[in-house]
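Below is one structure, written out as structure tokens; comments come after it.
The values are calculated or read from the model by the stated rules, or taken from the named source; none is laboratory data. Just so it is clear, the structure is predicted and the values come from calculations on it, not from any experiment. Note that we place each Cβ from the backbone using ideal geometry, even for glycine, and neighbour counts take in every protein chain shown. What goes into the accessible areas is simple: the full protein's heavy atoms, side chains included, and nothing from ligands, DNA or RNA. Shrake-Rupley method; radii C 1.70, N 1.55, O 1.52, S 1.80 Å.
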Amino acid sequence: VKSLVLILDFGSQYTHLITRRIRALSVFSLCISGTSPLSSITSLNPKVVILSGGPHSVHSNDSPSFADGFVDWAQSNGVFVLGICYGLQLLVQRLGGEVRVGEKQEYGRMDIEVEKNCGIFGGKKVGDKQVVWMSHGDEAARLPDGFEVVARSQQGAVAAVEDRDRKFYGLQYHPEVTHSPEGMETLRYFLFDVCGVNAGWKMEDVMDEEIEVINNTLAPDDHVICALSGGVDSTVAATLVHKAIGDRLHCVFVDNGLLRYKERERVMETFERDLHLPVTCVDASEQFLSKLKGVVDPEMKRKIIGKEFICIFDAFAHELEQKLGKKPAFLVQGTLYPDVIESCPPPGSGRTHSHTIKSHHNVGGSATRKDIEGS
């Protein structure tokens, strides 16, 4: 892809939105872990790399960072880099500047004012103001050599920086959220006018791309289990995999006793009549409700529900193994970027960069069990 925009995820709730907003501009964007090895980044050959926000301070010992050699690679290959919030602070710190804990933490809608009409604000005039969505405690105190401030908040904090020679840019706010009304205009100007990205990718290409990825991932005789909830995400995932491998997909829908009125019947009818998916329905309502009896704490309920789902998928996998004479190779789970990001362990675990907002029954768990060798 000529104009790939690569997002390095450092745990922001809004990371999925950046990916989506850029695709809405007919530009292909991809999101990978912010701590991915340099080879994973260079092999994708992106034209632009965006460093996402995240719930961290660059001063923490376990705060995530991009791979060593990233800055040199970006410079030598003319790759544009945009740091958003935590991404800006990371860029400033790693390039020799100073980030300090802000005297006044900024959270919510704020006015910013353009100080220089160049680079990312080339389409604006000096003195132009706009409302943006701030969410940070730390702030850039001293910029690395070559950087200049191009916008400040109403409190005087750095709101946007750039080093045009090295093609490094930073925003201390989230342009991708609707609370930043002119944010999309800024992203559009940055990608097309500053970076020279070519539009031309379209959402219709996604299905063909995903089916190709699925076929390249699976061996010709691999069988797959899909955990179906009846929601859009898992249904789309199941439909894609079914188009790719047909009856080697084995879907399971679990009635956990917590469904809406007639939801089980409606969902199963849709699977069978409209989507022609091979689905086994497991009635486990008594199993779930007996375990939940007397439990009040919402997070405890989620963990109990998640554990029961794992047990059911585990049993389904064993039954399927007996029937097929071999273990199913993968478990398909369809979910959203926020679920994946928020469901990860906290910093310091060595595994990811997010903070758990609430656990999700449909992310993680069974995919890590030995009985099901993939996710």
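When we screen Pro328, Pro346 for residues that are of a type outside the set (Phe, Trp, Tyr), assigned to a loop (DSSP other than H, G, I, E, B), at pLDDT 85 or above and under 30 Å from Ser36 (Cα atoms), the only hit is Pro328. If only residues of the stretch 43-52 that are open to solvent by 50 Å² or more (accessible area, probe 1.4 Å) and within 16 Å of Ala67 (Cβ to Cβ) are counted, the one that is nearest to the chain's Cα centre (by Cα) is Leu44.
For first residues located in the stretch 192-213 and open to solvent by 80 Å² or more (accessible area, probe 1.4 Å), partners that are modelled with pLDDT under 90 and charged (D, E, K, R) and lie 6+ apart or on another chain with Cβ distances below 8 Å form the pairs Asn198/Lys2. Go through (1) of a type outside the set (Val, Ile, Thr); (2) at pLDDT below 95; (3) buried (at least 17 other Cβ atoms within 10 Å of the Cβ) one by one and return the number of the condition Arg302 breaks. With (1) of a type outside the set (Val, Ile, Thr); (2) at pLDDT below 95; (3) buried (at least 17 other Cβ atoms within 10 Å of the Cβ) applied to Arg302, the lone miss is (3). Residues that are open to solvent by 40 Å² or more (accessible area, probe 1.4 Å) and either in contact with an Asp or Glu (Cβ under 7 Å, 6 or more places away or on another chain) or part of a helix (DSSP H, G or I) (or both) within the stretch 214-236 comprise Asn215, Asn216, Thr217, Val232, Asp233, Val236, listed in sequence order. Please work out if Glu263 is open to solvent by 20 Å² or more (accessible area, probe 1.4 Å) and touching a Gly at 6+ places or on another chain (Cβ under 8 Å). Criteria met by Glu263. Determine, yes or no, whether Arg142 is exposed (fewer than 15 other Cβ atoms within 10 Å of the Cβ) and touching a Gly at 6+ places or on another chain (Cβ under 6 Å). Taking the combined requirement at face value, the residue satisfies it.
When Leu171, Leu240 are checked against the criterion of being over 30 Å from Lys307 (Cα atoms), modelled with pLDDT of 90 or more and surrounded by 14 or more Cβ atoms within 10 Å (Cβ to Cβ), Leu171 stands alone in meeting it. Summed over the stretch 175-185, the residues that are buried (at least 24 other Cβ atoms within 10 Å of the Cβ) and not acidic (Asp, Glu) give a count of 1. Is there a residue being surrounded by 14 or more Cβ atoms within 10 Å (Cβ to Cβ), under 16 Å from Val158 (Cβ atoms) and of a type in the set (Val, Ile, Thr) anywhere in the stretch 64-74? No, the stretch 64-74 contains no residue that is surrounded by 14 or more Cβ atoms within 10 Å (Cβ to Cβ), under 16 Å from Val158 (Cβ atoms) and of a type in the set (Val, Ile, Thr).
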